[in-house]
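Here's the structure, in structure tokens; my notes come after.
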Amino acid sequence: MSQHADLAARAGDLDATSPLSGTRERFLVPEGVIYLDGNSLGALPAAVPDVVQDVVTRQWGQRLIRSWNEFDWWGAPERTGDRIGALVGAAPGQVVVTDSTSVNLFKVFVAAARMRPGRPVVLTDGGSFPTDLHILSSVARLMDLEVVRVTHEQAAGAIAEHADRLACIAFSQVDYRSGELWDLPGLTRAAHDAGALACWDLCHSAGVHPVGLDEHGVDLAVGCGYKYLNGGPGAPAFLYVAARHQDAFDHPLTGWQGHAAPFAMSPDYAPAHGITRARVGTAPLLSLLGLEAALTAYDGLSMADVRSHSQSLTGFFLECLDSLGLDLPVVTPRDPERRGSQVSLRHPEAYAVVQALIARGVIGDFREPDVVRLGFAPLYLSHADVLASAQHLLDVVRDKEFERPEFNARAAVT
């Protein structure tokens, strides 16, 4: 039997025994497409179109403003937040869906600094997603903080070094380029031992990793709704504030929907009780209710099973690369316990390689300067997809398809 046939047989066995067998039917993935970009924009869940149509034509179109009460539009941020909370290990009443990731980062960074007065240092990952670094730099200017950038390997030592002056750590659980899974439990404990807070960005882990916010004592967290949570382009983000901190959560964007009595229309601000105080203005209801519908794709699934299938997919992809003889540097850790739900490879013409793959129906993405980034969304990908994508990648590299001019023309969005 050929190497490819051996791998195909193994893929069939893995798919047949997967705890997520059949969940692809919960999504509307175009025929002939292997979608490996769910870590940038999730696929469309089958439940979403009918819900959004109903929101537009009946709830908005027919019931108009009455829908704020009749369909509880007002409670949607907390209601949807609790659904996300169940996926990231947060008890009800600690997650709210509101605003964008960038806005929520601004809120938690300012609030964290206010909760730790006299501690001017914030530790962050120097290779973090740009918006995290940009927002933190802005908050530092506003509040006279010192931002210290470290690597994963330096983080524990830096926490100890700055212990008495450390307000918070601000890391992403998964490195957006490499897919490396940071040590959320260990670094959170180290921060607490130093008297500091732990703030985590879950954009690349929510929906594919159990996270365990409550279990590990995380203080504050944010994440987006449009990656693995499949809420659609521009879906609102979410914000977590541990219950023990909610009374002290003093964020800077005191909009009317975070007020204790918003319809009293008071000119003086009084924060709402609980997680509602993290709300600011009126939510984008079409997107929010679309996200709420998208989350039904997780109904009946355990996050332990989702994580297990994710690790199996990424591990099998690495096995396929090795078995097929594709010799590209792998950026992502091979240890499954240190890996998010993606595999990143280096190639000097990474952008063109990705475009050549897209032309073959294998949709991944590119990150500067030379990273081919492939996300493995466990709810709609199979081991058979993994093998096929590895073979396509081998063909593109071996036959130098990436050298074709049309694959080297940069688009506005890369």
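Yes or no, residue by residue, for (1) within 24 Å of residue 306 (Cα to Cα); (2) touching a Lys or Arg at 6+ places or on another chain (Cβ under 6 Å); (3) β-branched (Val, Ile, Thr):
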| residue | (1), (2), (3) |
| --- | --- |
| 184 | yes, no, no |
| 190 | no, no, no |
| 194 | no, no, no |
| 205 | yes, no, no |
| 211 | yes, no, yes |
| 218 | yes, no, yes |
| 224 | yes, no, no |
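Taking segment 68-80 as the region of interest, how many residues are assigned to a helix (DSSP H, G or I) and surrounded by fewer than 24 Cβ atoms within 10 Å (Cβ to Cβ)?
Qualifying residue count for the region: 6.
Note down all Cβ pairs under 7 Å where the first residue falls in segment 46-62 and is closer than 16 Å to residue 284 by Cα, the second is crowded, with 16+ Cβ neighbours inside 10 Å and aromatic (Phe, Trp, Tyr), and they're at least six residues apart or on different chains.
Qualifying pairs under 7 Å: 59/71.
Could you please find all residues in segment 153-170 being farther than 10 Å from residue 194 by Cα and buried (at least 24 other Cβ atoms within 10 Å of the Cβ)?
169, 170
Search segment 137-158 for residues that are closer than 25 Å to residue 339 by Cα and pair each with any residue that is of a type in the set (S, T, N, Q) when their beta-carbon atoms are under 7 Å apart and the residues are at least 6 apart or on different chains.
149/124
Here is a yes/no grid of residues against (1) among the charged types (D, E, K, R); (2) assigned to a loop (DSSP other than H, G, I, E, B); (3) open to solvent by 40 Å² or more (accessible area, probe 1.4 Å):
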| position | (1), (2), (3) |
| --- | --- |
| 286 | no, no, yes |
| 290 | no, no, no |
| 300 | no, yes, yes |
| 320 | no, no, no |
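Which of the numbered conditions does residue 123 fail, given that it passes all the others? Conditions: (1) of a type outside the set (Val, Ile, Thr); (2) surrounded by fewer than 17 Cβ atoms within 10 Å (Cβ to Cβ); (3) closer than 19 Å to residue 183 by Cβ.
That leaves (2) as the condition not met.
Does segment 322-356 hold any residues that are open to solvent by 50 Å² or more (accessible area, probe 1.4 Å) and either free of Cβ contacts under 8 Å to residues at least 24 places away in the same chain or part of a loop (DSSP other than H, G, I, E, B) (or both), and which are they?
322, 325, 327, 329, 334, 335, 348, 349
Which one of these is farther than 18 Å from residue 374 by Cβ and surrounded by 17 or more Cβ atoms within 10 Å (Cβ to Cβ): 53, 59?
Testing whether each residue is farther than 18 Å from residue 374 by Cβ and surrounded by 17 or more Cβ atoms within 10 Å (Cβ to Cβ) leaves just 59.
Can you tell me which residues in segment 358-378 are in contact with a helix residue (DSSP H, G or I) (Cβ under 6 Å, 6 or more places away or on another chain), buried (at least 24 other Cβ atoms within 10 Å of the Cβ) and touching a residue at least 60 places away in the same chain (Cβ under 8 Å)?
364, 376, 378
Please pick out the residue among 234, 207, 217 that is open to solvent by 10 Å² or more (accessible area, probe 1.4 Å) and within 24 Å of residue 379 (Cα to Cα).
234
Which residues, taken from segment 81-93, are in a loop (DSSP other than H, G, I, E, B) and either farther than 20 Å from residue 258 by Cα or touching a strand residue (DSSP E or B) at 6+ places or on another chain (Cβ under 9 Å) (or both)?
The answer is 89, 90, 91.
For segment 128-139, which positions are touching a Phe, Trp or Tyr at 6+ places or on another chain (Cβ under 9 Å) and either surrounded by fewer than 17 Cβ atoms within 10 Å (Cβ to Cβ) or part of a strand (DSSP E or B) (or both)?
138
Any residue in segment 88-110 that's touching a residue at least 12 places away in the same chain (Cβ under 8 Å): show its pairings with residues that are basic (Lys, Arg) and outside any helix (DSSP H, G or I) at Cβ separation under 9 Å, as long as the two are six or more apart or on different chains.
96/279; 98/279; 99/279
What about residue 296, is it over 30 Å from residue 46 (Cβ atoms) and hydroxyl-bearing (Ser, Thr, Tyr)?
So residue 296 does not fit the description; no.
The values are calculated or read from the model by the stated rules, or taken from the named source; none is laboratory data. Being a predicted model, the structure only gives us computed values, none of them experimental. Neighbour counts are summed over all protein chains in view; Cβ atoms, including those assigned to glycine, are modelled from backbone coordinates with ideal geometry. Keep in mind that these areas ignore ligands, DNA and RNA; they rest on the heavy atoms of the full protein, side chains included. Shrake-Rupley method; radii C 1.70, N 1.55, O 1.52, S 1.80 Å.
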